[in-house]
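Chemist: If you scroll down you'll find the structure; I have some questions about it.
The values are calculated or read from the model by the stated rules, or taken from the named source; none is laboratory data. This one's a predicted model, so the numbers in the text were calculated from it and none came from an experiment. Here the Cβ positions follow ideal geometry from the backbone for every residue, glycine too, while neighbour counts run over all protein chains shown. Areas reflect the complete protein model, heavy atoms only, side chains present, ligands, DNA and RNA absent. Shrake-Rupley method; radii C 1.70, N 1.55, O 1.52, S 1.80 Å.
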Amino acid sequence: MKRILSLFLTLLFFISAVQAKDLRFAQISDVRYSQENSAPLQAIIKDINKQKNVEFTVFTGDNINKPSPAELESFLKEAKKLKTPFYIILGDKEVNKLKHMSKAEYIDIIKKNVRSYKPEKPNYTFEKEKVIFIAADGSKDVIPSPNGYYKDDVLEFLDTELSKYPEHNVIILQHFPIIPPSNKESHYTFKPENYLAVLSKHKNVKAIISGHFGVNSEKTHNGIVHITTAGAPYYRIIDILDCDSANPTIWAQLNQAK
């Protein structure tokens, strides 16, 4: 009887292990691509293409070095060399209405050049393996600055999306960290308490992934892992293990392209 019970428990464990779902994706941040300096992005893409089981890549802002349609189109041409689909979040370098690159123009160029997704706005949501990913935009195209600002409409969008998926694990993708990874006041986010108040209403956010500060950092605040990644040559491979469980394991591996 004990032998049968042992075999039964072993079978249950095996079935559970087989059914567990893992998800792997790549993060690139602050690459600040320019046509004169394309090598850092090319090196990172080459590295990611060698990685196994990467389902998609996310660019978390400062993807180009100046607000220029020509630079963005050139960047996208390089990004399409990735073997994975990719998603894009705005940083503080990319948009400036006074320099002929508004958010609307930026999004329009992406829609014309990228097959992975067709965003209508810089804030959007997508799902992978039952994990919900929310892109939150803290950039400004009028008087841009290194201080992030998640305006009321962005926080309302975030609150609405989090309310839609109370039973799902949620990962938020953004450029500007809410929990500063270093004491660089010039890069702090304006009124982070408003953003934190939204997060406090929900229990489904497992990680917030960002860039901007030029440092590599991992901090846990109120049960949420805050992952910040520096620019080239660094990038991350992020694994969500047992991603459909209530408490998935999130492992953010830091890599350096050569």
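Chemist: Per DSSP helix of 4 or more residues, -39500 (n - 2.57); summed, then divided by the residues of the chain. What does that give at 222 nm, rounded to the nearest 500?
Modeler: When only DSSP H runs of four or more count, the value is -9000 deg cm²/dmol.
Chemist: I need the peptides 38-49, 145-156, 182-193 ranked by packing, meaning the mean over residues of other C-beta atoms within 10 angstrom, with the highest value on top.
Modeler: Taking the mean over residues of other Cβ atoms within 10 Å, the ranking is 38-49, 145-156, 182-193.
Chemist: Return one whole number: the accessible area per residue of region 53-211 in Å², for a 1.4 Å probe.
Modeler: 45 Å²
Chemist: Right, next: With a ≥ b ≥ c taken as the square roots of the eigenvalues of the C-alpha gyration tensor of region 86-196, please select rounded if a/c is under 1.5 and otherwise prolate if a/b is larger than b/c or oblate if it is not?
Modeler: Judged from the Cα gyration tensor, region 86-196 comes out oblate (a/c at least 1.5, b/c at or above a/b).
Chemist: Next question. Cα gyration tensor of region 180-258, axes a ≥ b ≥ c as square roots of the eigenvalues: rounded (a/c below 1.5), prolate (a/b > b/c) or oblate?
Modeler: oblate
Chemist: Hydropathy at least -0.5 by Kyte-Doolittle, axial extent at least 24 angstrom from the Cα trace: which helices of the chain, defined as entire DSSP H runs, fit?
Modeler: Passing helices, by number: 2-19.
Chemist: Additional query: If you roll a 1.4 angstrom probe over the protein chains with everything in place, what fraction of the accessible area of region 142-258 belongs to carbon and sulfur, to the nearest %?
Modeler: Solvent-exposed carbon and sulfur of region 142-258 make up 51 percent of the total.
Chemist: Identify all lysines with a Cα-Cα distance to Lys80 below 16 Å; exclude those on the same chain that are fewer than 8 residues away in sequence.
Modeler: Those lysines meeting the cut-off are Lys46, Lys50, Lys111, Lys112, Lys118.
Chemist: Normalise the Cα radius of gyration of region 213-255 by 2.2 N^0.38 Å (N = residues in it) and let me know the number.
Modeler: 1.26
Chemist: With no solvent and one point per C-alpha, what does the Debye sum give as log10 I(q)/I(0) for the chain at q = 0.17 Å⁻¹?
Modeler: Taking Cα atoms of the chain as identical point scatterers yields -1.36.
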